[in-house]
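*Asks:* Take a look at the following structure, please.
The values are calculated or read from the model by the stated rules, or taken from the named source; none is laboratory data. Keep in mind the model is a prediction, meaning the values are calculated, not measured. Here the Cβ is made from the backbone with ideal geometry for all residues, glycine too, and neighbour counts use every protein chain on show.
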Amino acid sequence: MKKYVIGLDYGSDSVRAVLIDTDNGAELASHVHYYRRWVEGKYCSPAENRFRQHPLDHIEGLENTIKNVVSASQINPEQIVGICIDTTGSSPVPVTQNGTPLAFVQGFEDNPNAMMVLWKDHTSIKEAEEINHLARTWGGEDFTKFEGGIYSSEWFWAKILHVIREDEAVKNAAYSWMEHCDLMTFILADQKDLATFKRSRCAAGHKAMWHDSWGGLPPADFLNQLDPYLGELRGHLYHETFTSDQIAGHLNKEWADKLGLTTNTVIAVGTFDAHSGAVGAKVDENVLVRIMGTSTCDIMIGSHDIIGDKTVRGICGQVDGSVIPGTVGLEAGQSAFGDLLAWYKDILMWPVNNLLMKSEMISAQQKEALRNEVSENLIRSLTKEAEAIPLSDAVPVALDWINGRRTPDADQELKASITGLSLGTKAPHIFKALVNAICFGSKKIVDRFEDEGVRIEKVIGIGGVARKSPFIMQTLANVLNMPIVVAASDQAPALGAAIYAAVASGVYSSVIEASQKMGSEFEAEFFPQTDQVKKYGEFMQEYQKLADFTEHNIKSKKYELEV
């Protein structure tokens, strides 16, 4: 009997499910669900860098997507042997003692602090600085050393510390917290003891300072110095963690009935989207996989013989088994990639949304049609014009820190800058400067890996930007001065989650074997253009000058620690 698996991938705006043939990785069906409350802007305040999501968005998406792929594929439910879930991260959710999201408890239904704190929520910059200061000065182990040496406001402890300081009611009601990938896995699985439920090694190691060498999570005497709540919370979390080739449980009867599946279906331990995306793209040693969407995550693996206890400065962590069990997973990334271009598009759309749409000269139907036409064609037209600008033209220099800097050396307080504007600067010139900026930011990550002794021989691009923008990919190849191949799959993270599910359900004996059989093929390759590599090297020097000036002269120190 043929066997099939489902990969469920939770992104920032939507969740998508894919149903995959374990023989060859062929996609039989897929479905995408957009978060209704998120689209309405609920529980968020972009001006405050607050981004929260209601768990109902995620649960509705889970049911909608899986039911659709099961129905569309017409596969016998008995043949669907496994499900694995990947999510963004760090995206923690407060829960009660039985694992119920706090947003489902009376009195917290519309409280943003009771929602999932999305990865790009940066309200906890002050708390991250406190964690970094304590880690370096408390006289014991530096618990940030396997997370690049800098703890980020995008991560687990900083976010929780901020929320419980801001909201006493949430602090008193939240018995525990779960990463999004763990919560969604817990909801599906038949294992309902929160104390023994298998938590994700990937999430715990990269975002919660979990490491075997100090016995798991940081000890209570460290956490208590931040807030006694965190020391107490540690006892309500976990000791062991598990890789995503392991079984978290089987599909519980309630969800089996909802989804039209059986309770024999294996539920694998959850993971993060970038790490499963690397698996979907057939990651290997000395290969950098760039998951290129709203932000980027850059994933590599290394053998224990090569990495050992060596720590790589300024990245987002190195964790045993976070990508491929038996190897060390290395994570870096940019806090904004596609988001930088989306921000510029929003700027240019302002007169359309605020002037054209209020015009009384044309009908409402015509206004909507014009807005849709401009929106659909804007980036395409900017790309065409920017691509035609010769390198000899005066193009501004920009930084990619529109949402802070993730790596190298996390600092979410940094802001983007642009210089070199003149009366001759047109919209395509600025667009080209922004494309250059995201590519230069990528080069800084590659340089950091190589400076730290991690060799990169091949780059794989996955995600919407990689597949849809040859202009960006060619620019990136020129800036990095190395070839880049693009994975053919539209849904590499979901495919990677399906690969984990295939191993957990016993179809394959290892993630490497499953990845080689089921992973994505490649649809394009971009080579450095010799005549442009040197010029981009010169532009990179200008980027570095602006970065140095911005960081050291105009960085806003809004949060100063009292030492």
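*Asks:* Quick one: which residue in Phe449, Phe431 is under 28 Å from His206 (Cα atoms) and crowded, with 19+ Cβ neighbours inside 10 Å?
*Replies:* Values: Phe431 fails: under 28 Å from His206 (Cα atoms).
Only one candidate qualifies: Phe449.
*Asks:* Quick one: would you say Gly61 is assigned by TED's automatic domain parsing to the domain that holds Ile187, under 19 Å from the mean Cα position of the chain (by Cα), part of a loop (DSSP other than H, G, I, E, B) and buried (at least 17 other Cβ atoms within 10 Å of the Cβ)?
*Replies:* Details: assigned by TED's automatic domain parsing to the domain that holds Ile187: yes; under 19 Å from the mean Cα position of the chain (by Cα): yes; part of a loop (DSSP other than H, G, I, E, B): no; buried (at least 17 other Cβ atoms within 10 Å of the Cβ): yes.
In short, no.
*Asks:* Here's something else I'd like to know. Are any of the residues in region 504-511 without any contact (Cβ under 8 Å) to a residue 12 or more places away in the chain, of a type in the set (S, T, N, Q) and either in contact with a His (Cβ under 6 Å, 6 or more places away or on another chain) or more than 20 Å from Ala17 (Cβ to Cβ) (or both)?
*Replies:* Yes, some residue in region 504-511 is without any contact (Cβ under 8 Å) to a residue 12 or more places away in the chain, of a type in the set (S, T, N, Q) and either in contact with a His (Cβ under 6 Å, 6 or more places away or on another chain) or more than 20 Å from Ala17 (Cβ to Cβ) (or both).
*Asks:* Can you name the residue in region 303-327 that is outside any loop (DSSP other than H, G, I, E, B) and not β-branched (Val, Ile, Thr) and is also surrounded by the fewest Cβ atoms within 10 Å (Cβ to Cβ) among such residues?
*Replies:* If we filter region 303-327 for residues that are outside any loop (DSSP other than H, G, I, E, B), which is where we start, we get 304-307, 318-320.
Filter once more, keeping what is not β-branched (Val, Ile, Thr): 304-305, 318, 320.
Details: His304: 11, Asp305: 6, Gln318: 26, Asp320: 18.
If we take residues in region 303-327 being outside any loop (DSSP other than H, G, I, E, B) and not β-branched (Val, Ile, Thr), then Asp305 is surrounded by the fewest Cβ atoms within 10 Å (Cβ to Cβ).
*Asks:* I'd like to verify a number: residues in region 138-172 that are in contact (Cβ under 8 Å) with a residue 40 or more places away in the chain and more than 14 Å from Ala410 (Cα to Cα), how many? Give the steps one after another, and end with the answer.
*Replies:* Going residue by residue through region 138-172, those that are in contact (Cβ under 8 Å) with a residue 40 or more places away in the chain are 138, 140-141, 143-157, 159-161, 163-167, 169-171.
Next, from what is left, pick out any that are more than 14 Å from Ala410 (Cα to Cα): 138, 140-141, 143, 156-157, 159-161, 163-167, 169-171.
Summing the residues that are in contact (Cβ under 8 Å) with a residue 40 or more places away in the chain and more than 14 Å from Ala410 (Cα to Cα) in region 138-172 gives 17.
*Asks:* Residues to consider are Asp57, Asp23; find the one that is closer than 30 Å to Phe242 by Cα, touching a residue at least 60 places away in the same chain (Cβ under 8 Å) and touching a Lys or Arg at 6+ places or on another chain (Cβ under 9 Å).
*Replies:* Values: Asp57 fails: touching a residue at least 60 places away in the same chain (Cβ under 8 Å).
Unique residue meeting the criteria: Asp23.
*Asks:* Quick check on my filter: what residues within region 516-533 are under 19 Å from Ala281 (Cα atoms), assigned to a loop (DSSP other than H, G, I, E, B) and touching a Leu at 6+ places or on another chain (Cβ under 8 Å)?
*Replies:* Passing the criteria: Gly519, Ser520.
*Asks:* Could you identify the single residue in Ala158, Ala169, Ala204 that is surrounded by fewer than 24 Cβ atoms within 10 Å (Cβ to Cβ) and assigned to a helix (DSSP H, G or I)? Walk me through it before giving the result.
*Replies:* Working: Ala158 fails: surrounded by fewer than 24 Cβ atoms within 10 Å (Cβ to Cβ); Ala204 fails: surrounded by fewer than 24 Cβ atoms within 10 Å (Cβ to Cβ).
Exactly one residue qualifies, and that residue is Ala169.
*Asks:* Let me confirm something: among Ile307, Ile267, which residue is farther than 29 Å from Gly506 by Cβ, in contact (Cβ under 8 Å) with a residue 12 or more places away in the chain and more than 21 Å from the chain's Cα centre (by Cα)?
*Replies:* On the way: Ile267 fails: farther than 29 Å from Gly506 by Cβ.
Result: Ile307 is the single residue among Ile307, Ile267 that is farther than 29 Å from Gly506 by Cβ, in contact (Cβ under 8 Å) with a residue 12 or more places away in the chain and more than 21 Å from the chain's Cα centre (by Cα).
*Asks:* Please work out which residue is surrounded by the fewest Cβ atoms within 10 Å (Cβ to Cβ), limiting yourself to region 68-119 and to residues that are among the hydroxyl-bearing types (Ser, Thr, Tyr) and touching a residue at least 40 places away in the same chain (Cβ under 8 Å).
*Replies:* If we filter region 68-119 for residues that are among the hydroxyl-bearing types (Ser, Thr, Tyr), which is where we start, we get 71, 73, 87-88, 90-91, 96, 100.
Still in the running and touching a residue at least 40 places away in the same chain (Cβ under 8 Å): 71, 73, 87-88, 90-91, 96.
On the way: Ser71: 13, Ser73: 18, Thr87: 30, Thr88: 26, Ser90: 27, Ser91: 29, Thr96: 15.
Result: Ser71.
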